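*Asks:* Below is a structure I'd like to ask you about.
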Amino acid sequence: YDGAPWEAMKQKLLSVNRMCREQGTKFRLVIFPFLHNAGPDYRFRPVHEQIVAFCREAEIPVLDLDPVLTPHADEGLTVNPFDAHPNELAHRLAAEAIYEWLPAAAERLPVEE
């Protein structure tokens, strides 16, 4: 998450945000952690922080689900040890967090007319 690939990703995020505003759509970004690595020593946390900082600077509403899901890492958040996709618990926790966050995110940045 540095150099040319990171610069390209930032430009893509800015482009999608601009396109959404031009079309009267609100762009929101949710970061879902790699659940098979979730926990107190989650190695991608600095990347999440980097993305969140960029989005805030660019006025792109962002929700990082790492703080929501990490406290539940020992409860098992993946389908099984061989399938790292989110299970029912992970989806429920994510959905609840997104549901609470979306109205506040919608109020912060109105769509430009």
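*Asks:* Would you say P40 is in a loop (DSSP other than H, G, I, E, B) and in contact with a Lys or Arg (Cβ under 9 Å, 6 or more places away or on another chain)?
*Replies:* Considered against the rule, which asks whether it is in a loop (DSSP other than H, G, I, E, B) and in contact with a Lys or Arg (Cβ under 9 Å, 6 or more places away or on another chain), P40 comes out as no.
*Asks:* Looking at the structure I just gave you, is V16 of a type in the set (V, I, T), without any contact (Cβ under 8 Å) to a residue 12 or more places away in the chain and open to solvent by less than 90 Å² (accessible area, probe 1.4 Å)?
*Replies:* It is true that V16 is of a type in the set (V, I, T), without any contact (Cβ under 8 Å) to a residue 12 or more places away in the chain and open to solvent by less than 90 Å² (accessible area, probe 1.4 Å).
*Asks:* Which residues, counting only those in segment 32-55, are among the hydrophobic types (A, V, I, L, M, F, W, C), open to solvent by less than 30 Å² (accessible area, probe 1.4 Å) and closer than 20 Å to N87 by Cβ?
*Replies:* Within segment 32-55, L35, A38 qualify.
*Asks:* For segment 67-97, give me the residue count where each residue is within 17 Å of the chain's Cα centre (by Cα), open to solvent by 50 Å² or more (accessible area, probe 1.4 Å) and over 20 Å from R43 (Cβ atoms).
*Replies:* Count: 4.
*Asks:* While we're here: So, in segment 19-31, how many residues would count as being open to solvent by less than 90 Å² (accessible area, probe 1.4 Å) and assigned to a helix (DSSP H, G or I)?
*Replies:* Total meeting the criteria: 2.
*Asks:* Let me ask something additional. So is E107 modelled with pLDDT under 95 and assigned to a helix (DSSP H, G or I) or not?
*Replies:* yes
*Asks:* Within segment 63-101, can you find the residues that are free of Cβ contacts under 8 Å to residues at least 24 places away in the same chain, touching a helix residue (DSSP H, G or I) at 6+ places or on another chain (Cβ under 9 Å) and either part of a loop (DSSP other than H, G, I, E, B) or at positive phi (or both)?
*Replies:* Result: G76, P81, N87.
*Asks:* Here is a check on your reading of the model: is I60 at pLDDT 95 or above, surrounded by 13 or more Cβ atoms within 10 Å (Cβ to Cβ), among the β-branched types (V, I, T) and not in a helix (DSSP H, G or I)?
*Replies:* Considered against the rule, which asks whether it is at pLDDT 95 or above, surrounded by 13 or more Cβ atoms within 10 Å (Cβ to Cβ), among the β-branched types (V, I, T) and not in a helix (DSSP H, G or I), I60 comes out as yes.
The values are calculated or read from the model by the stated rules, or taken from the named source; none is laboratory data. Fair warning: this is a prediction, and the values are worked out from it, not measured in the lab. Neighbour counts run over all protein chains shown; Cβ positions are idealised from the backbone, glycine included. Just so you know, the surface numbers come from the protein's heavy atoms only, side chains and all, with ligands and any DNA or RNA stripped out. Shrake-Rupley method; radii C 1.70, N 1.55, O 1.52, S 1.80 Å.
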